[in-house]
Amino acid sequence: MGSGSSLSCAVTLNTSLTPEQRARYQDVEQINHLLETARTIAVVGLSSDRQKASFFVAGYLKDEGYRIVPVNPKADTILGEKAYPDVASIPFPVDLIDIFRPARDVDEIVDQAIARKEKGIDSPALWLQLRIVNLPAVERALAAGLTVIMDKCVKMEHGRYRGGLHFAGMNTEIISARKRRR
């Protein structure tokens, strides 16, 4: 390991991004700024299935005080919140668009985010979850003046910078004095 890095902070495992791309799309200052200032998060691809990562992440964020806006054309409500079929249908400002859709779907989401900014509705930041990489789409978003985080989990980053991160990357919320069996 190089000087100044530590294992707990060097979370670059399993990413397809180059070091230069990580510096551009995973900037720690931008991540912290978004976690601190965003209050309303549209979760695109939020599933009503409790076993899906999107449900787990959105539930965690809601518990942490963020307003969650489900974006799922097949649902009426998720986590007790009205669901919208797409980003363009949300009638109020959002601070962050958290994307749980395949990379091929990101182009349309970026177009809708840019349109929201051009209409003066808001200027949402985009957050592409782990393993979701669409370089042309995020470059268009950046050119339009949007902030972009790519190939990171907002829940893991929140836990890392705001507390509550278990060694495996998840907050188990289980406190036990029992020793693990080996």
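Any read-out appearing in this document is the output of simple, stated calculations on the displayed coordinates, not a laboratory observation. Nothing here was measured: the structure is a model prediction, and the numbers come from that model. As a convention, Cβ positions derive from the backbone with ideal geometry for all residues, glycine included, and neighbour counts pool all protein chains shown.
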Expressed as a whole-number percentage, the relative contact order of the stretch 25-161 with C-alpha contacts under 8 angstrom and at least six residues apart is 24
Alpha-carbon centroid distance for the pair the stretch 106-160 / the stretch 36-75, whole angstrom:
15
For the peptides 16-23, 55-62, what is the packing order when you average, over each peptide's residues, the other Cβ atoms within 10 Å and list the highest mean first?
55-62, 16-23
Protection proxy ranking, peptides 79-88, 143-152, average beta carbon neighbours within 10 Å, highest first
143-152, 79-88
Given 25 °C and 0.890 mPa s, how large is the Stokes-Einstein diffusion coefficient of the stretch 27-67 in µm²/s, with Rh as the Kirkwood radius over Cα pairs?
222
